[in-house]
1. How do the pairs read when you match residues in the range 118-134 that are among the polar types (S, T, N, Q) with residues anywhere that are open to solvent by 50 Å² or more (accessible area, probe 1.4 Å), using Cβ under 9 Å and keeping only pairs 6 or more apart or on different chains?
2. Do you know which residues across the range 113-152 are among the small types (Gly, Ala, Ser) and closer than 19 Å to LEU165 by Cβ?
3. Looking only at the range 55-67, count every residue that is loosely packed, with under 15 Cβ neighbours inside 10 Å and not basic (Lys, Arg) and tell me the total.
4. Answer with yes or no whether GLU60 is of a type outside the set (A, V, I, L, M) and either within 21 Å of the chain's Cα centre (by Cα) or at pLDDT 90 or above (or both).
5. Please go through the range 65-85 and pick out each residue that is part of a loop (DSSP other than H, G, I, E, B) and either free of Cβ contacts under 8 Å to residues at least 24 places away in the same chain or over 18 Å from ILE26 (Cα atoms) (or both).
6. Only residues that are of a type in the set (A, V, I, L, M) and surrounded by 12 or more Cβ atoms within 10 Å (Cβ to Cβ): list them for the range 106-122, please.
7. Considering only the range 151-162, state which residues are of a type outside the set (Lys, Arg) and without any contact (Cβ under 8 Å) to a residue 12 or more places away in the chain.
8. Does any residue in the range 86-114 that is part of a loop (DSSP other than H, G, I, E, B) come within less than 8 Å, Cβ to Cβ, of a residue that is buried (at least 16 other Cβ atoms within 10 Å of the Cβ) six or more places away or on a different chain, and which pairs are these?
Amino acid sequence: MERAEELSGEQERALLKARKRVIESIGQNMDLYGINLSIGHLYGLLFFQNKPMTLDEMREAMEMSKTSMSTGVRTLVDLKMVNKVWEKGARKDLYEVEMDWFQTFIDFFSLKWRKALEINLQALRKSKAELQALLLDNPGHEDLAQTVEVDLAKMNEAIRYYLWLDRFIDTLETEAIFELVPKDLPKDLSKDLSKDLPNKS
């Protein structure tokens, strides 16, 4: 973990303790993104770096194998939570955290939800068409009609949900969501926000 310059031993220990708590918390909650604990800790390590790191630097800091480190970084890059960056004169790949957490949320969940809804909508519409054809092929069959109508009602409700999800994803990708839920708190809640900001007086 990056050391702070010109701090006393006590100050540095307090700083590292605070950072470690955040890193542990991030690691434990990264399962939301399908990320295991060690990769979550790697993300936490990069989060507190003020400059990009190489794979070797991360491996040394995390005490992980080269293979595990490469897999972890690749996972974070694929999720757009970590970016590969370029620096003049650097011979090795450098990586840094994507600090825009709003964009990270949008990129991850838009991709996952869009893929899920497309697969499920395709299955629902195909099954719905087959059931409707079944009804047409068996006119006057009341038991079949009742059973199929119940299934069709359930499928229509599922389709209704996925069409809503599709529109919701659009609000994320176009960032219209921030017009409904702004990134920053309204002015009348600024007092609550101030509790989470450092005192500059």
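The values are calculated or read from the model by the stated rules, or taken from the named source; none is laboratory data. Everything numeric here is computed off the predicted structure, so don't read it as measured data. All Cβ positions, even for glycine, are placed from backbone atoms using ideal geometry, and neighbour counts span all protein chains on display. Note: areas computed on protein heavy atoms with side chains; ligands, DNA, RNA excluded. Shrake-Rupley method; radii C 1.70, N 1.55, O 1.52, S 1.80 Å.
1. Short answer, once both residue conditions are applied: SER127/ASP151.
2. Narrowing the range 113-152 to residues among the small types (Gly, Ala, Ser): 116, 123, 127, 129, 133, 140, 145.
If the condition is that a residue be among the small types (Gly, Ala, Ser) and closer than 19 Å to LEU165 by Cβ, then ALA116, ALA123, SER127 are the ones that fit.
3. Taking the range 55-67 first, the residues loosely packed, with under 15 Cβ neighbours inside 10 Å are 56, 60, 63, 65-67.
Keeping just the survivors that are not basic (Lys, Arg) gives 56, 60, 63, 65, 67.
Going through the range 55-67 one residue at a time, the tally reaches 5.
4. Values: of a type outside the set (A, V, I, L, M): yes; either within 21 Å of the chain's Cα centre (by Cα) or at pLDDT 90 or above (or both): yes.
Spelling it out, GLU60 is indeed of a type outside the set (A, V, I, L, M) and either within 21 Å of the chain's Cα centre (by Cα) or at pLDDT 90 or above (or both).
5. Of all residues in the range 65-85, those part of a loop (DSSP other than H, G, I, E, B) come to 65, 79-81.
Across the range 65-85, the qualifying residue is only SER65.
6. Here is the first cut: in the range 106-122, the ones of a type in the set (A, V, I, L, M) are 106, 111, 116-117, 119, 121.
Of everything in the range 106-122, those that are of a type in the set (A, V, I, L, M) and surrounded by 12 or more Cβ atoms within 10 Å (Cβ to Cβ) turn out to be ILE106, LEU111, ALA116, LEU117, LEU121.
7. The initial filter retains those residues of the range 151-162 that are of a type outside the set (Lys, Arg), namely 151-153, 155-159, 161-162.
Answer for the range 151-162, where residues must be of a type outside the set (Lys, Arg) and without any contact (Cβ under 8 Å) to a residue 12 or more places away in the chain: ALA153, GLU157, TYR161.
8. TRP86/LEU94; GLU87/PRO52; GLU87/LEU94; LYS92/LEU55; ASP93/LEU55; GLU98/MET81; GLU98/VAL82; GLU98/THR104
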